[in-house]
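Since the structure comes first, as C-alpha cells, the remarks are kept for the end.
The values are calculated or read from the model by the stated rules, or taken from the named source; none is laboratory data. These numbers come from a predicted model, not from an experiment. Here the Cβ is made from the backbone with ideal geometry for all residues, glycine too, and neighbour counts use every protein chain on show.
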Amino acid sequence: MKLNWGWGIAIGLTGFVSFILFFLFQALSFDGDLVSEEYYEEELKHQDNIDAQTNFKSLNEEVKVLVLDEFIQVDLPKTGSYEGELFVYRPSSAKLDRKYPIQGEKVHIPKSELEKGNYKLKISWKSGDKSYYTEKTLSY
C-alpha cells in the first residue's frame with residue numbers, strides 16, 4: 001500500500017509536535033538554581049572581593065586541601081587571627097551547599113556531610129584589618 005502526501009504531512013507534523021513537547025518537558029523539569037540568592041548585594045561588594053583576592057596573592061602561600069579518612073582538612077596560610085567562612089559550593093545542586101566557620105588555621109569538613117562529586121571551596125577570612133579570599137576546587 002502506498003501512502004499519499006497527506007499521510008506524509010500528518011506524520012511530519014506529529015513528529016514535530018512530539019519533538020517540541022519533549023523539549024518542553026525537559027525545560028520544565030530542569031532545576032535552575034542560582035549561584036547565589038543575594039547576587040545583587042554580592043555584586044555591590046565585588047571590589048572588596050577583588051581586594052581580598054589581591055591580599056591573598058600577596059601572602060605567597062596556598063590553601064592546602066587534604067582528603068583524609070574521616071574528613072576533609074583545609075589548611076590556611078599563617079596570617080595571625082582567623083575569622084571568616086568556608087563556603088562549600090556544589091554547582092549541580094544548591095541543596096548540597098554547606099557553610100563552615102573559620103576560627104583557626106585548619107578547618108575540618110566531615111565527609112559524611114558531603115556527597116561525592118565536584119565542589120568549589122570559597123574561602124574568605126579576616127585577619128586584623130585585612131580581608132582574604134580564594135577559591136579551590138575539590139573533587140571528592
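Points to keep in mind about this one:
- Count of region 75-124 residues, restricted to those that are within 16 Å of Leu138 (Cα to Cα), aliphatic (A, V, I, L, M) and crowded, with 18+ Cβ neighbours inside 10 Å, is 7.
- Any hit, region 73-87, residues being touching a helix residue (DSSP H, G or I) at 6+ places or on another chain (Cβ under 8 Å), among the hydrophobic types (A, V, I, L, M, F, W, C) and more than 18 Å from Ser36 (Cβ to Cβ): no
- Long-range neighbours under 7 Å by Cβ, at least six apart or interchain, first residue within 20 Å of Val88 (Cβ to Cβ) within region 29-44, second at pLDDT below 80 and outside any loop (DSSP other than H, G, I, E, B): Ser36/Glu42
- Sole residue being polar (S, T, N, Q) and modelled with pLDDT under 90, chosen from Gln47, Gln53: Gln47
- Yes/no for Phe19 being surrounded by 10 or more Cβ atoms within 10 Å (Cβ to Cβ) and touching a residue at least 24 places away in the same chain (Cβ under 8 Å): no
- The number of residues in region 96-123 being among the aliphatic types (A, V, I, L, M) and free of Cβ contacts under 8 Å to residues at least 24 places away in the same chain comes to 1.
- Boolean, Ile50 is under 19 Å from the mean Cα position of the chain (by Cα) and surrounded by 13 or more Cβ atoms within 10 Å (Cβ to Cβ): no
- The single condition among (1) surrounded by 17 or more Cβ atoms within 10 Å (Cβ to Cβ); (2) part of a strand (DSSP E or B) that Phe56 does not meet is (2).
- Search result, residues across region 59-74 that are of a type outside the set (Asp, Glu) and loosely packed, with under 12 Cβ neighbours inside 10 Å: Asn60, Leu66, Leu68
- Among strands (runs of 3 or more DSSP E) entirely within region 62-140, having at least 1 residues that are small (Gly, Ala, Ser), under 23 Å from Asp51 (Cα atoms) and at pLDDT 90 or above singles out 83-89, 118-127, 130-139.
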